[in-house]
Each structure stands twice: as structure tokens, then as C-alpha cells.
Amino acid sequence: MTPYGQSYGHLISCTQSAFFLHEVFGRPGSKLRTLNLLFSYFSVIQWRIKVAKTKTELREWISSGFTRVEDIAYIALGIILAVSAMGLLGTLVLALGQALLAANLSEKIVELLDQVLLILMIVEILYTVQVSFREHTLVAEPFLIVGLIAAIRRVLILTAEFSKPAEVVEATFRNAMFELGLLTVLILALVFSLFLVKRQHIASAERA
């Protein structure tokens, strides 16, 4: 039962009790005083209900305002991400064409792959923004994919930096190997997390 229903139920109960006491112990004129008292009590209840409705409407108005601000922010972020992705895609196509014309694709392949992975990261973030805008919920899977792509990008960058072992300092090489080990563990953890998320989605679909 809602608070308003409880208040009216309480009022009816108090009215019945007051008239019962009046019939048992009543004196001349006490019925009028009882009615005045009940009218005052009823007015107080009406005022409390009105205040409660006003507070509820105020909360809903503030919540809808925050939702509109959130939607505007999501739209702006989506536009920025979409323009960035298209710009990087155009740059990637241009760089690929230049590499093919110059016949040095093998030298540029790591850089091109890095650009491809960066575009994939932006697309995944754009998908996350799209889901958040449509459902106003956060989905864990796109964030895991973005982290996985970022880790793979870092592995590619480290591999490209140390493609010529003769020019690498021993301490720098040792640090790079340690970072590669951490990145490998991170990639495995992210892949396992994605597997668990997929498994949970399949289990939820089967239960539904």
C-alpha cells in the first residue's frame, strides 16, 4: 500500500474510533468537537500528501534534467569519436596507398597495424557510447575489448622499437621484456574475462 493509502486508512480508522468513543462516553456538543478535530487532522493529511507529491515531482524533474544533460554529452562524444574514426581511417588509407606506391609496405606494416588498432579502439568506445545513450547502462564487454586492443597495440609498438637488437641497450631491453611479460598476462586476463562475460550472456539467454 502506498503512503497515501495508509494515511487515508489511518484517517478512516481514527474516525470510526472517535465516533465509537463518542457513543460510549459522549456528552452534548462533543460530536461537533470530534468532527472539528477530524477535519483538522484531515487537512493536515492533505497538506502532507500535497508536499509529498511536490517533492516527488521535483525529484522527477531534476532526474529528467540530468538525463537530458547526459544524452547531450553522449551525442557530443559520439560525434567527436565518429569524426576521429573517419579521419584516422582516411589517413590510414592514404598511408597504405603511399606505402604500396613506394614499395615499402614491409617497413610500414607495424605503423599501419597500429593505426588499424587505434581505429578499432575508437569504434569500440563509440559502441559503448551508443549503448549508454540508448539504454542508459554501462556494458563491461566493450571496455574489455578496448583494453585488449590497447595491450596488443603496446606489444606491437615494443616489437617495432626492438626490431634491431644491435641498437638496443641491455637495460632498456630488460625493461621491455618485463613489460612484454606483464602485457602477456594482461592479455590473457582480458581474454578470460571476455570468455566469462560471453558465457554469462549465453546462460542468461538460455534462462530467458
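The values are calculated or read from the model by the stated rules, or taken from the named source; none is laboratory data. This is a predicted model, so every value here is computed, not measured. We place every Cβ from the backbone using ideal geometry, glycine too, and count neighbours over all the protein chains shown.
Summary table
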read-out	value
Where a residue in the stretch 164-188 is part of a helix (DSSP H, G or I) and its partner, wherever it lies, is hydrophobic (A, V, I, L, M, F, W, C) and at pLDDT 85 or above, with Cβ under 6 Å and at least six apart	183/151; 183/155; 186/151; 187/151
Unique residue being modelled with pLDDT of 85 or more and either touching a Pro at 6+ places or on another chain (Cβ under 8 Å) or among the aromatic types (Phe, Trp, Tyr) (or both) when the list is 74, 41	74
